[in-house]
Amino acid sequence: MSLGSLRQRFTALGPWLESRLGLAGLWAVARKKDVPVHRHTLWYYLGGMTLFLFVIQIGTGVLLLFYYRPSAEEAFESVQFLMAEVQFGWLIRSIHAWAANLMIFTLFLHFFSALLLRAYRAPRELTWLSGMGLLGLALGFGFTGYLLPWNELAYFATRVGTQIVGVVPVAGDFFLRVLRGGEEVSGATLTRFYAIHVALLPASGLAIVGLHLYLVQKHGMSVPPGVERSGTALPRMRFFPNFLLRDLVGWLAALAILAALAAFLPAELGKKADPFTSAPAGIRPEWYFMFMFQTLKLLPAHILGLEGEMVGVVGFGLAAVFLLVLPFVDRPGQGGRLQPVFTWIGIGIIVFVIVLTYIGYTVSPTK
Amino acid sequence: MNQDARGAPASRRRFLDWLLGTTIGGLVVSVLYPVVRYIVPPPASESAASSVTLPFTAQEVAPNTGRIFKFGSRPGILVRTPSGELRAFGATCTHLGCIVQYRPDLGHVWCACHNGHFDLNGRNIAGPPPAPLEVFAVHERGDQIVVGKGT
């Protein structure tokens, strides 16, 4: 076949595919998409950044599956082997661990910016709800993934974390058993968490990400009320390629930060879990659970005759429910004015999380 | 559809809808029920042992120290008090289920997870634990230590 006819065939491939896939309409929609430009535009990049890190998690997660063995007897050893023997095993695992942290961090920023800029206002209630669902899934990813190396720190974090479920009134004991796969944290818990971490959460995560992105496309970017009130017509930026190229710069920067973190601060493994040793001093969960951990530590044994930790756990549950229904509670008052109280609640939540996280990291563990 | 005008077919249609609906409902339930039962773990056989002989001797436990032991599938802690007495408790913290340890510097039992303190009778004396530790009976038989339920 001559080069000319090969080229001819290649150029014919475009129309051939188009007549079968019919993507021209989609492309036309994508070209029309644009983003409002104002002083808060920066916050629009955080969702895409979180998605980028999620894709990295899927890629590195699949690679880790090639060596990981989900059993109490082998999990720790398989991770040890991965870190010490496998070429670049340390890199893949360190990137997975660091990207998880960065993803939760950008997710928190994305969540707080949507909260304070009130991006959940009608008609974006479902976008908010799906985003809250993704936040819950991300925390579930973190909690289940933490146990998989089967080290001492993870073992006790999981003991405490699952026991928190057991504190829930009425159905707590039942859910505790379902979560642990028995009465105690054991190999049965590990296989459960493994199934949840590598199958259940990714599948539901992808589905909800799809819904979330669809809703964002459908309604476009939310313009913050403060900007909206100014009344002037906002300049707009094309998504393709202007906004996307800016996204890419952010993603490249994130990749560079990830590589640096993985190279200079590789993920640690610690000691193998032993269900018959005391919890070591200085035990603590991942940083994004620290504010809850520290709150439970500070609550007294009994509050108004109820067990302290039950009050704490139920309190966090109610806070989560409040955030879920926020778009339906935060209705504009008379004259379409937004009620400032919800801004203060949002700031209050952020201050609470930061202060308790700070206390958690600075207070002496043995006091 | 204009079967409504003919009377009978409308109720036949309703009946068929109902039949279809309950069939689908039944199918969903018959799929979900085994899945839910599958996810709930089978009940663990309760440890029949009401007492255990510890794998270390009384001499190996110095005064003002503690050691974790297996009581069936659960952890227990054996403490030799500064005065030389042996005491044993369930080692599972009553707060959120961590495994406690003996703190020689404090002279009592402590949980590292949420800073819970228990005295040498297992009573919760400080921090968030809402209840005392389970107390086991300690018997010394020659060199052996036997720990049993109840005081």
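Read-outs: derived from the displayed coordinates by stated rules, not from any lab. Just so you know, these numbers come straight off a predicted model, no measurement behind them. Positions of Cβ are generated from backbone atoms using ideal geometry, with glycine treated the same way; all protein chains shown enter the neighbour counts.
Details
- Protection proxy ranking for A:190-200, A:339-349, using the average of other Cβ atoms within 10 Å per residue and placing the highest first: A:190-200, A:339-349.
- Backbone N atoms of region A:100-121 closer than 17 Å to the 7 Å Cα→Cβ label point of A:Tyr361 belong to residues A:100-109.
- Evaluating kT/(6 pi eta Rh) at 20 °C and 1.002 mPa s, with the Kirkwood radius of region A:1-155 over Cα pairs in the Stokes-Einstein relation, gives 109 µm² s⁻¹.
- Taking region A:88-129 and a reference point 7 angstrom along Cα→Cβ of A:Ser230, the backbone N atoms nearer than 16 Å belong to A:117.
- FRET efficiency for the A:Ala281 to A:Ser204 pair, using the beta carbon distance and R₀ = 45 Å, is estimated at 0.75.
- Each Lys and Arg adds +1 at its Cβ and each Asp and Glu adds -1 at its Cβ; summed about the Cα centre, region B:51-149 shows a dipole of about 200 debye.
- Pairs of lysine residues in the protein assembly as shown - Cα separation under 29 Å, sequence separation of 8 or more or cross-chain: 12
- Folded to 0 to 90 degrees: helix B:8-39 orientation relative to chain B principal axis, Cα: 20
- Contour excess over end-to-end distance, with Cα ends at A:Gln339 and A:Leu65 and 0.36 nm allotted per residue: 93.7 nm
- Under the span-like rule (Cα at least 20 Å along the axis, Kyte-Doolittle mean at least -1.0), DSSP H helices of chain A: A:3-21, A:45-65, A:89-116, A:125-147, A:152-167, A:201-219, A:244-264, A:308-329, A:340-362
- For the protein assembly as shown, the Cβ-based charge dipole about the Cα centre amounts to some 2080 debye (Lys, Arg positive; Asp, Glu negative; other atoms uncharged).
- Expressed as a fraction of 2.2 N^0.38 Å, the C-alpha radius of gyration for region A:208-367 is 1.48.
- Ordering A:Thr277, A:Ser230, A:Leu244 by Cα displacement along the dipole of region A:223-295 toward the positive end leaves A:Ser230 in first place; charges were set at the Cβ atoms of Lys, Arg (+1) and Asp, Glu (-1).
- Separation of the B:Ser83 and B:Ser30 label points, Cα + 7 Å toward Cβ, nm: 7.0
- Each 5 Å bin, from zero up to the one with the longest distance, holds this percent of the alpha carbon pairs of region B:51-149: 3, 15, 28, 25, 18, 9, 3, 0.
- For A:Ile303, residues with placed amide H under 5 Å, excluding near neighbours: A:Gly308
- Sorting the Cα pairs of chain A by distance into bins of 20 Å, from 0 upward, gives 23, 52, 22, 3, 0 percent per bin.
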